[in-house]
Each structure stands twice: as C-alpha cells, then as structure tokens.
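Asks: Before I ask anything, here is the structure I am working with.
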Amino acid sequence: MSKINVTLQLNGKSVSAEVEPRTLLIHYLRENLNVTGPHIGCDTSHCGACTVDIDGKSVKSCTIFAVQAAGAEVLTIEGMAGADGKLHALQEGFREMHGLQCGYCTPGMIIRAYRLLKENPTPSDAEIRMGISGNLCRCTGYQNIVKAIQYAAAKINGAEYKEAAE
C-alpha cells in the first residue's frame, strides 16, 4: 500500500511522517512519532484513554485517521507542562488531589479536562462529571478526579481551591 506524508503541529512543533492512509491517529502518534502519552485502551472509542485536543476539540484519536489530522494543531499530555518543566494546573491538580491510581486513563482525562476548562472556566461538580463522561476510569470512583479539575479551575482563575463540604 502506498504511503502518505502527514504533517501536523504536535504540542507546538511541526512533525511529519509517512503512513498508510488507513493508519489511525493514535497509531501515528505512538508508532511513528513515539508520543506515548495517549493510550490505546479499547480501540472502540468508549474509554477515552486516547483523547487528544485537535484544533480546540477533544477527539478520541482511535476514531480518526492520521491523514484527517494533517495540518491540524494537536495537543497531547506531553505538551501540557511548561518548557521549564512546570506542571500545568491540571497535572498539578491530579497530583495534589490524588486524581489517579493506575494512571492509564490520566493522559486522556487531563486533555479532556483541559478542553472542558477552556469551554467552561468555572464548572460545577455536575458540569465536570458531564464534561468527562466520555472518559472512563476503572480505579478512582471519579471523586478525586473531579476535585483535581476543581483545583485546576481555581488555580487557572487565580483563586484558592477550597474543597466543598460533603
């Protein structure tokens, strides 16, 4: 099968690789570009472990071909921290609020939460739960993930995180 050159902006840098037209974006990222943050979880678009941000939208990278992302701006977990290594508020929130256990869902969860906070900087508990509903976690029970996203929202908005009384 003939190959096609796919070029895109990945975490702020132009990248390019030759792939078969049927190559899924998740495989292009992991196998061609060695970007292993997005995980292959289910190959059916149910779990969200492969979530990336493409041109300002959360996308499960197992659902599109690499050629469909040609020319796009793609953000993965690898692009979240600052150039100086300082964690993004979401990464810090997941660490501080214990928003992960095994960590398999975490890259996709953080990328989805990133887009959620761009769309709604001050989400309620219910809005966070709805916003991440396409990303499954088998370990945490979600409570600490919600707290982590609330923590990040507060930090991004210049406020101090105050845990709600339960």
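The values are calculated or read from the model by the stated rules, or taken from the named source; none is laboratory data. Bear in mind the structure is a predicted one, so any value in this text is a computation, not a measurement. Cβ coordinates were reconstructed from backbone atoms using ideal geometry, including for glycine residues, and neighbour counts include every protein chain displayed.
Asks: Among the residues of the stretch 27-77, what is the count of those that are farther than 17 Å from R112 by Cα, among the hydroxyl-bearing types (S, T, Y) and either out of contact with any strand residue (DSSP E or B) (no Cβ under 8 Å at 6 or more places or on another chain) or modelled with pLDDT under 95 (or both)?
Replies: Looking only at that region, the number is 1.
Asks: Across the stretch 114-129, what is the total count of residues that are among the β-branched types (V, I, T) and part of a helix (DSSP H, G or I)? Give the steps one after another, and end with the answer.
Replies: The initial filter retains those residues of the stretch 114-129 that are among the β-branched types (V, I, T), namely 122, 128.
From what's left, part of a helix (DSSP H, G or I): 128.
Summing the residues that are among the β-branched types (V, I, T) and part of a helix (DSSP H, G or I) in the stretch 114-129 gives 1.
Asks: Next up: Taking K162 as meeting all but one of (1) loosely packed, with under 15 Cβ neighbours inside 10 Å; (2) under 17 Å from the mean Cα position of the chain (by Cα); (3) assigned to a loop (DSSP other than H, G, I, E, B); (4) not aliphatic (A, V, I, L, M), write down the number of the exception.
Replies: Failing condition for K162: (2).
Residues are listed down the side, and each one gets a yes or a no for (1) under 23 Å from R138 (Cβ atoms); (2) of a type outside the set (D, E); (3) outside the structural domain of Y104 (by TED's automatic domain parsing); (4) crowded, with 17+ Cβ neighbours inside 10 Å:
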position	(1), (2), (3), (4)
S16	no, yes, yes, no
P21	no, yes, yes, no
E31	no, no, yes, no
T44	yes, yes, yes, no
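Asks: What number of residues in the stretch 65-84 are in a loop (DSSP other than H, G, I, E, B) and surrounded by 18 or more Cβ atoms within 10 Å (Cβ to Cβ)?
Replies: In the first step, residues of the stretch 65-84 are kept if they are in a loop (DSSP other than H, G, I, E, B); the result is 70-72, 76, 80-84.
Narrowing further to those that are surrounded by 18 or more Cβ atoms within 10 Å (Cβ to Cβ): 72, 76, 80.
Number satisfying all stated conditions: 3.
Asks: Within the stretch 23-61, which residues are within 11 Å of L75 (Cβ to Cβ), in a loop (DSSP other than H, G, I, E, B) and in contact with a Gly (Cβ under 7 Å, 6 or more places away or on another chain)?
Replies: The answer is P38, and nothing else.
Asks: Among the residues of the stretch 80-109, count how many are free of Cβ contacts under 8 Å to residues at least 40 places away in the same chain and acidic (D, E).
Replies: Result for the stretch 80-109: 1.
Asks: For the stretch 139-158, enumerate the residues that are in a helix (DSSP H, G or I) and under 12 Å from T122 (Cα atoms). It would help to see each step written out before you state the result.
Replies: We begin by selecting, within the stretch 139-158, every residue in a helix (DSSP H, G or I); these are 143-156.
I149, Q150, Y151, A152, A153, A154, K155, I156, listed by residue number.
Asks: Only one of these is at pLDDT 95 or above, in a loop (DSSP other than H, G, I, E, B) and surrounded by 13 or more Cβ atoms within 10 Å (Cβ to Cβ): L100, L87. Name it. Write out each step before concluding.
Replies: Numbers: L100 fails: at pLDDT 95 or above.
One residue alone meets the criteria, L87.
Asks: Is it fair to say A113 is within 19 Å of L8 (Cα to Cα), surrounded by 14 or more Cβ atoms within 10 Å (Cβ to Cβ) and either over 13 Å from the mean Cα position of the chain (by Cα) or not aromatic (F, W, Y) (or both)? Spell out how you get there, then give the answer.
Replies: Values: within 19 Å of L8 (Cα to Cα): no; surrounded by 14 or more Cβ atoms within 10 Å (Cβ to Cβ): yes; either over 13 Å from the mean Cα position of the chain (by Cα) or not aromatic (F, W, Y) (or both): yes.
For A113, the condition - within 19 Å of L8 (Cα to Cα), surrounded by 14 or more Cβ atoms within 10 Å (Cβ to Cβ) and either over 13 Å from the mean Cα position of the chain (by Cα) or not aromatic (F, W, Y) (or both) - is not met.
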